[in-house]
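> Structure below; questions to follow.
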Amino acid sequence: MRDSLIDRVRERLAAQSGQPSELGPQTVAAAIRAESGGVLGDTEMLSNLRVLQTELTGAGVLEPLLCAAGTTDVLVTAPDAVWVDDGGGLRRTEIRFSDEAAVRRLAQRLAVAAGRRLDDAQPWVDGQLRGIGTGEFTVRLHAILPPIAADGTCLSLRVLRPATQDLAALIATGAIAPVAAELLSDVIAARLAFLVSGGTGAGKTTLLSALLGAVDKQERLVCVEDAAELQPSHPHLVRLVARGANVEGAGAVGLRDLVRQALRMRPDRLVVGEVRGAEVVDLLAALNTGHDGGAGTVHANNPAEVPARLEALAALGGLDRAGLHSQLAAAVQVLVHVARGRDGRRRLTDISLLRRTDSWQVEAAPVWQAGRGPAGHIGELRDLLRDRLPA
């Protein structure tokens with residue numbers, strides 16, 4: 001009877017107007033009383049209220065995981081397989097869904113909250129959720145339904161907390177060696193353009209935010225992001241955030257549009273939170289027209305792969321290989337790579353100089369490496385810094 005009652009209450013609430021976030025305890029309790037005929041005792045009422053509140057608001061049973069300090073990812077691969085990454089790698093939790101239908105209902109409700117559609121006709125969704133927990137962070141949502149997901153609904157939630165740490169904090173935690181931090185401070189002061197590379201969840205945004213916090217306080221930063229993560233400690237920061245299309249497929253504002261708008265806002269430094277598409281063409285063009293000192297992040301497994309990664313992205317914007325290498329060599333000087341170790345900790349592992357080879361292709365020449373210290377091309381970077389640093 002309890003499952004039947006909950007199903008009837010759920011259907012009643014679904015038929016009411018308003019978003020799930022607007023369904024407060026009083027509304028849910030009134031629906032329970034109406035569907036039960038008023039025969040439930042206080043204990044049964046509270047039990048049913050807790051079940052429905054969990055299902056109908058926030059991220060349901062996953063919300064405690066998302067709100068826990070340090071959580072970066074929550075993954076659901078089956079009703080009894082909920083995984084979390086809180087800085088030490090993925091681990092299986094004790095959280096369980098009642099059945100596959102419960103996972104599907106949560107995925108579809110989160111999709112609606114993100115302004116997206118998720119059903120048999122559109123069996124996957126990618127969007128962003130705001131207002132989870134205290135509302136202090138954004139969650140990137142991805143969900144995919146059966147039969148595309150052969151073993152049941154898969155739900156992937158990434159927590160995008162504002163990156164607020166500075167260089168001193170990263171040094172204190174061991175994420176950056178003091179010698180490397182000093183070198184990066186000189187890169188910032190010399191207004192060299194740089195990219196932060198690394199894999200998913202390696203700490204690219206955290207490091208970029210820390211480096212931007214070291215920029216002279218008189219300079220104006222204009223940051224373009226897919227999701228609002230960068231929050232450096234800087235008094236003159238303007239953030240532009242991309243917007244996805246609505247359920248009708250209209251209203252999208254992409255990173256490439258925002259890069260072009262940012263150029264009209266008198267930036268001293270132009271920053272792209274993550275270069276992931278054709279916007280790389282506009283960023284490199286901007287950095288080659290007097291906007292020095294810019295920055296961004298890019299996905300790559302190691303520094304040597306970054307030029308090839310940028311080639312692929314530039315092709316989306318109509319820029320061929322020769323054009324990309326020509327633009328890159330003139331626009332960006334330094335590459336900073338971060339990675340997650342086997343212990344799950346994120347660290348700065350490499351600083352490289354982007355330089356032309358004899359074949360006129362750009363390569364990542366090592367300058368500093370974790371565990372080894374200065375590398376072969378440190379002299380070239382120091383010469384460049386000497387020419388660019390204020391006397």
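> Please state the charge dipole magnitude for segment 318-388, taken about the Cα centre, from unit charges on C-beta atoms (+1 on K and R, -1 on D and E), reported in debye and rounded to the nearest 20.
Charge dipole, segment 318-388, about its Cα centre: 420 debye, nearest 20.
> Ok, one more. Below 15 angstrom from the Cβ of residue 363, what's the summed charge of the other residues (Lys, Arg +1; Asp, Glu -1)?
Every neighbour counted, the sum reads -1.
> Can you tell me the FRET efficiency between residue 112 and residue 166 if r is taken as the Cβ-Cβ distance and R0 is 51 Å, rounded to the nearest 0.05?
Working from the Cβ atoms, E equals 0.85.
> Between segment 282-300 and segment 343-364, what is the C-alpha centre distance in whole Å?
Segment 282-300 and segment 343-364 have Cα centres separated by 16 Å.
> Which value, in nm² and rounded to one decimal, describes the direction-averaged projected area of the C-alpha convex hull of segment 86-225?
So the Cα hull casts an average projection of 11.5 nm².
> Along its principal axes, what span do the Cα atoms of segment 167-387 show, with the longest given first and each in whole Å?
The principal-axis extents, from largest down, are 53, 41, 38 Å.
> Let me ask something additional. Would you be so kind as to identify which of 325, 209, 174 lies farthest towards the positive end of the dipole of segment 167-387, taking Lys and Arg as +1 and Asp and Glu as -1 on Cβ and the Cα centre as origin?
174
> Where the eigenvalues come from the Cα gyration tensor of segment 58-161, what are the semi-axes √(5λ) of the equivalent ellipsoid, largest first, in whole Å?
That gives 20, 16, 11 Å for the three semi-axes.
> Follow-up question, since we're still on this one. Tabulate in residue order the Karplus-calculated ³J(HN,Hα) for segment 137-150, using 6.51 cos²θ - 1.76 cosθ + 1.60 with θ = phi - 60°, rounded to whole Hz; enter x for Gly and Pro.
Per-residue couplings from phi come out as 9, 10, 10, 8, 9, 9, 9, 9, 9, x, x, 4, 8, 4 Hz.
> On to the next question. Taking the simple approach of a point 7 Å from Cα along Cα-to-Cβ for both residue 357 and residue 316, what is their distance in nm?
The answer from the label model is 2.5 nm.
> Set the Förster distance to 45 Å, then compute FRET efficiency between residue 380 and residue 98 from the Cβ-Cβ distance, nearest 0.05.
Taking R0 as 45 Å, the efficiency between residue 380 and residue 98 is 0.15.
> Same structure again: Suppose each label sits 7 Å from its Cα in the direction of the beta carbon; what would the residue 260-residue 120 distance come out to in nanometres?
Each label point is offset 7 Å from its Cα along the Cβ direction, giving 4.1 nm.
> Nearest 5 percent is fine: what portion of the DSSP beta bridges confined to segment 167-387 is antiparallel?
Of those bridges, close to 45 percent are antiparallel.
Bear in mind that the values in this text are calculations on the coordinates, not laboratory data. Keep in mind it's a predicted model, so treat the numbers as computed, not measured. Cβ atoms come from the backbone with ideal geometry, glycine included; neighbour counts cover every protein chain shown.
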